Amino acid sequence: MNYNIVVIVSVIICAIISMFISYYLVLFTMGEKNSFFKIIQLILTIVSMTTFYAPIKYILMKYMNIEEREKND
């Protein structure tokens, strides 16, 4: 598996996890009738995506035995 495919898969997994977490957390705390529901959900999604992306990418790379290439410019 290619490194680029691992990155795409990890982004998709992070997006799904982040959307579920942010939706249910905001629904539990604020309710769906709040006017800031989508804005707060978007902010929580961005925060959780940045939190979960690196560990999931690392786990996938370790599982698939892919090494990240370093380019010397």
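The values are calculated or read from the model by the stated rules, or taken from the named source; none is laboratory data. Nothing here was measured: the structure is a model prediction, and the numbers come from that model. Ideal geometry is used to build each Cβ from the backbone, glycine not excepted, and the neighbour counts take in all protein chains shown.
When you look at Ile8, is it in contact with a helix residue (DSSP H, G or I) (Cβ under 9 Å, 6 or more places away or on another chain) and without any contact (Cβ under 8 Å) to a residue 12 or more places away in the chain, yes or no?
No.
Please go through the range 13-29 and pick out each residue that is surrounded by 11 or more Cβ atoms within 10 Å (Cβ to Cβ) and either within 14 Å of the chain's Cα centre (by Cα) or not in a helix (DSSP H, G or I) (or both). Within the range 13-29, Ile13, Cys14, Ala15, Ile17, Ser18, Met19, Phe20, Ile21, Ser22, Tyr23 meet the criteria.
Taking the range 47-65 on its own, how many of its residues are assigned to a helix (DSSP H, G or I) and exposed (fewer than 12 other Cβ atoms within 10 Å of the Cβ)?
5
Taken together, the residues in the range 30-45 that are surrounded by fewer than 11 Cβ atoms within 10 Å (Cβ to Cβ) and among the charged types (D, E, K, R) amount to 2.
All conditions but one from (1) exposed (fewer than 13 other Cβ atoms within 10 Å of the Cβ); (2) modelled with pLDDT of 90 or more apply to Glu68; the one that does not is (2).
Checked against (1) assigned to a loop (DSSP other than H, G, I, E, B); (2) within 19 Å of the chain's Cα centre (by Cα), Glu32 passes all but condition (2).
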